[in-house]
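A quick write-up on the structure given underneath.
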Amino acid sequence: MDTLRVMQFAQENYRFQKVITSLGLLLFVIKLLAWYLTQSISILTDALESVVNLISGFFGLYSLYLSALPKDQNHPYGHGKIEFISAGVEGGLIASAGVFILYRAISSYFHPSTLKRLDWGMLLIATTAVVNYYVGYLAIRKGKKNCSLALIASGKHLQTDTYSTLCVVIGLLVITFTRFFWLDSLIASSLGLFIIYTGFRILRSSIAGIMDEADEELLRQIAEILQKNRRANWIDIHNLRIIKYGGNLHIDCHLTLPWYFNVREAHQEIDLLEKSVRENLGENVEMFIHADDCYPFSCRLCSKHDCVFRIYPFEKQIVWNSLNLYQNKRHRLS
């Protein structure tokens, strides 16, 4: 495994998170200015969400700093799990902000304020929406490339902020033409509910990572890679498990090989399998592969036609997919 490449990914994530955090501070100031000019409760709720952006940005920054640290004796798998905790804190903060926004919006419905200078307010927060969406897109793309849940969570949060800001802009446009000022509270209430939903989704992803919940999409991707690069000597792959450590992936599996292979031949096949996975998923993959020798029942699954020790005729080849790679080898013919 290319440790230097993995460290480079971690450092890239950390630098990008610093940009996100600095930008969040600037956009928060702009939204506060927009609220001061308009006295709109919906703009205020949008600004309050930016406070959460700032806090979660600092959490994400610290988590990416820790995840960039190299493995040590106390952390043999690295420090990447901190990213799941960071994403969980961020999700909790987002949901809490949504609850507060909902409370504030309902209160303002019974005590509405007079809105003013909506043109300037809409222009300012529309600008923050465009910036947030673009930066969020870049964060998600880099997070997926470097397998960083913290960056992906930050990117989704920024894009959620964009959608909520656009709703505020549309609502203020309607208020400008209709003079229905009570709509300001309604917009803020809807925004609060959406933010609560987003926070719980991020929190759910974080818990799934901490509990090592199976990632069906990643399993499907790995199954396609293995099936596409399959060799006749790879009689079967089973007991496959994946654990995420931030940007790193740890994969365990059993590879069934012809029983008469010597250690060197078996090791060559294992190297080829590891290479096929890393070429598609990147160098942040660590694989522990256990070599199994084939049993007589394996003949029915083996497509190696030049085997002189075959006992049973070939019946079928198992097409590897996300539903059968985790199975025990004794279940392969069931």
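Give, as a single signed number, the net charge of other residues whose beta carbon lies under 12 Å from the beta carbon of His157, with Lys and Arg counted +1 and Asp and Glu -1.
Net charge around His157: -1.
Rounded to the nearest 10 Å², what accessible area does His75 show when all protein chains are kept and the probe is 1.4 Å?
80 Å²
Could you tell me which of rounded, prolate or oblate describes segment 134-200, using a ≥ b ≥ c as the square roots of the eigenvalues of the alpha-carbon gyration tensor, with rounded for a/c under 1.5 and, failing that, prolate when a/b is larger than b/c and oblate otherwise?
Note, shape of segment 134-200 comes out oblate.
State the Cα centre-to-centre distance between segment 13-55 and segment 251-268 in whole Å.
The distance from the Cα centre of segment 13-55 to that of segment 251-268 comes to 55 Å.
Provide the per-residue ³J(HN,Hα) series for segment 199-209, in order, calculated from phi with Karplus coefficients 6.51, -1.76, 1.60 and θ = phi - 60°, each as a whole number of Hz, with x at glycine and proline positions.
Karplus-based 3J(HN,Hα) across segment 199-209 equals x, 5, 5, 5, 4, 4, 5, 5, 4, 4, x Hz.
Give me, ordered by chain and number, the residues 5 or more places off Ala291 or on other chains with an amide H under 5 Å from its own placed amide H.
Answer set, sorted by chain and number: Leu255.
Report the Rg/Rh value for segment 226-334, based on alpha-carbon coordinates and the Kirkwood definition of Rh.
Value, to two decimals: 0.97.
Quick check: from the Cα gyration tensor, does segment 187-245 come out rounded (a/c under 1.5), prolate or oblate?
Taking the square roots of the gyration eigenvalues as a ≥ b ≥ c, segment 187-245 is prolate.
I'd like the accessible area for Arg201, computed on protein heavy atoms only with a 1.4 Å probe and all protein chains in place. Round to 10 Å², please.
Accessible area, nearest 10 Å²: 140 Å².
Greater than 31 Å separation of Cα atoms is the criterion. Which listed pairs, Lys142/Lys304; Lys81/Lys316; Lys275/Lys304; Lys31/Lys156; Lys145/Lys228, meet it?
Table pairs above 31 Å Cα-Cα are Lys142/Lys304; Lys81/Lys316.
Sorted by accessible area with a 1.4 angstrom probe, largest first, how do His254, His305, His157 fall?
Most to least solvent-accessible, the answer reads His305, His254, His157.
The values are calculated or read from the model by the stated rules, or taken from the named source; none is laboratory data. Here the structure is a predicted model, which is why all the values come from computation and not from measurement. When we count neighbours, we look across all protein chains shown, and the Cβ atoms used for this are built from the backbone with ideal geometry, even at glycine. The accessibility values were calculated without ligands, DNA or RNA, using every heavy atom of the protein model including side chains. Shrake-Rupley method; radii C 1.70, N 1.55, O 1.52, S 1.80 Å.
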